[in-house]
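The values are calculated or read from the model by the stated rules, or taken from the named source; none is laboratory data. Source: prediction; values computed, not measured. Here the Cβ positions follow ideal geometry from the backbone for every residue, glycine too, while neighbour counts run over all protein chains shown.
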Amino acid sequence: MIQLHELKFEPFISEEKINIAIENMAIKINQDYYDKTPVFLVVLNGAFMVASEIIKLFKGDCEVAFVKLESYKGTETTGKVETLVGLNLSLENRHVVIIEDIVDTGITLEAINKILKKENVADQKIATLFFKPNAYQKNFSINYIGMEIPNDFIVGYGLDYNGLGRNLSEVYKLKKENMTNLVLFGPPGAGKGTQANFLKEKYKLVHISTGDVFRYNIKNETALGVHAKSFMDQGQLVPDKVTIEMLGAEVDKNPDANGFIFDGFPRTVAQAEALADLLKEKKTGVSAMIALEVDDEVLVERLLERGKTSGRKDDADEAIIRNRIHIYYEETAILKQFYLKEDKYYGVDGVGSISDITERISKVIDSL
């Protein structure tokens, strides 16, 4: 995978496949123009690489002319074509082969066609390395096609994204951000940690536990850890800004992740909004808040049973357990409303076998 400016691109078409496609185009062009002297009209900037290869493979005499037009800004076509550099020779009564790197909407071809009508050419044909049939909006026949491709934004082999990528010998397509980012909640004793472990393996997600992140940064005395500890030593809450920076650092450590499970964050609406902003910067967002729903009495029973072996004092005192559960509901009630408004809240029955609960959560994830 490569990154150009702020966007990521993944491998799409190999150099070998491109070379084969060009050779096949050249064979057909040679057959059609073996007894003529065509003018290869190269559309700049993108077609310079494919044109160079086609012209080198042409067996007869030929001339080359260039025209530069522009209809793209970033990854979107503007719908308007502006001629930047005109023709440098007369095309009257000439056999013209237009060489394009890619034909999608056909807007550029329409502009070239208007130019050629004024030139009174003998005939004209169109050659393009890549053709997007699903995007094509015009009626011009495309005579030589290297390969048909889906309507993806691509770079490489002459094609660019805002100036970068033309020199790549392979073609890359824009990486679609289909990450699955989960905010996983559950009251104490709901089995959230167990489910997080299963889900991260099943869906190849990165599990980010806020508690673990804090402990790591403080133990390793990172700049953020030292900063966070300065508040904790004074008995103050760590500011959301510091917490989100820690989470951001964890996200940055995994640029190729399929997604993340956020465990223990957010706890407030302000934190939920901060998380949304963080993920937006990464061209993604929260897919769902999944909350394990378990009856209070079941939770109390589970935790008391766990307390017999866990050694945790807060698992052995029923009053403490009930208070922890109460705090959980106070915290999540507001967040539940926040994600309900975004149609991202999913309550999942947390009673049953571990595999049953995993299956219920999986159905939610698979539906996203």
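Pull up the range 283-331, narrow it to residues that are of a type in the set (A, V, I, L, M) and not in a helix (DSSP H, G or I), then point me to the one that is farthest from Gln3 (Cα to Cα).
Among them, the one singled out is Ala316.
Does Gly189 count as more than 29 Å from the chain's Cα centre (by Cα), in the same structural domain as Phe338 (by TED's automatic domain parsing) and closer than 19 Å to Ile261 by Cα?
Yes: the conditions hold for Gly189.
Consider only pairs whose beta carbons are under 6 Å apart and that are at least six residues apart or on different chains; among these, list those whose first residue lies in the range 4-22 and is closer than 30 Å to Tyr144 by Cα and whose second residue is loosely packed, with under 13 Cβ neighbours inside 10 Å and not aliphatic (A, V, I, L, M).
Sorted first by the residue in the range 4-22, then by its partner, the pairs are Glu15/Ser169.
Please find, within the range 99-149, the residue that is surrounded by the most Cβ atoms within 10 Å (Cβ to Cβ) out of those that are basic (Lys, Arg) and over 24 Å from Glu53 (Cβ atoms).
My answer is Lys138.
Which is of a type in the set (Gly, Ala, Ser) and under 28 Å from the mean Cα position of the chain (by Cα), of Ala316, Ala333, Ala272?
Ala272
Considering only the range 7-121, give the strands (runs of 3 or more DSSP E) lying wholly within it that have at least 2 residues that are basic (Lys, Arg) and at pLDDT below 90.
Of the strands (runs of 3 or more DSSP E) lying wholly inside the range 7-121, those with at least 2 residues that are basic (Lys, Arg) and at pLDDT below 90 span 63-73.
Can you tell me which of (1) touching a residue at least 60 places away in the same chain (Cβ under 8 Å); (2) in a helix (DSSP H, G or I) is the one Asp152 doesn't meet?
Just one mismatch for Asp152, condition (2).
Sort out which residues of the range 31-56 are over 14 Å from Ile99 (Cα atoms) and touching a residue at least 24 places away in the same chain (Cβ under 8 Å), and write them in order of number.
Of everything in the range 31-56, those that are over 14 Å from Ile99 (Cα atoms) and touching a residue at least 24 places away in the same chain (Cβ under 8 Å) turn out to be Asp32, Tyr33, Tyr34, Asp35, Lys36, Thr37.
Do we find that Leu278 is among the hydrophobic types (A, V, I, L, M, F, W, C) and either touching a Cys at 6+ places or on another chain (Cβ under 8 Å) or assigned to a helix (DSSP H, G or I) (or both) in this structure?
Taking the combined requirement at face value, the residue satisfies it.
Return the total of residues in the range 285-319 being of a type in the set (A, V, I, L, M), free of Cβ contacts under 8 Å to residues at least 24 places away in the same chain and surrounded by 15 or more Cβ atoms within 10 Å (Cβ to Cβ).
Residues flagged as of a type in the set (A, V, I, L, M), free of Cβ contacts under 8 Å to residues at least 24 places away in the same chain and surrounded by 15 or more Cβ atoms within 10 Å (Cβ to Cβ) within the range 285-319 amount to 2.
Which ones in the range 191-237 are part of a loop (DSSP other than H, G, I, E, B) and either loosely packed, with under 12 Cβ neighbours inside 10 Å or without any contact (Cβ under 8 Å) to a residue 40 or more places away in the chain (or both)?
Within the range 191-237, Lys204, Asn220, Glu221, Thr222, Asp233, Gln234, Gly235, Gln236, Leu237 meet the criteria.
Within the range 224-235, identify whether any single residue is touching a Gly at 6+ places or on another chain (Cβ under 8 Å) and either under 30 Å from Ala51 (Cβ atoms) or outside the structural domain of Lys132 (by TED's automatic domain parsing) (or both), and answer yes or no.
no
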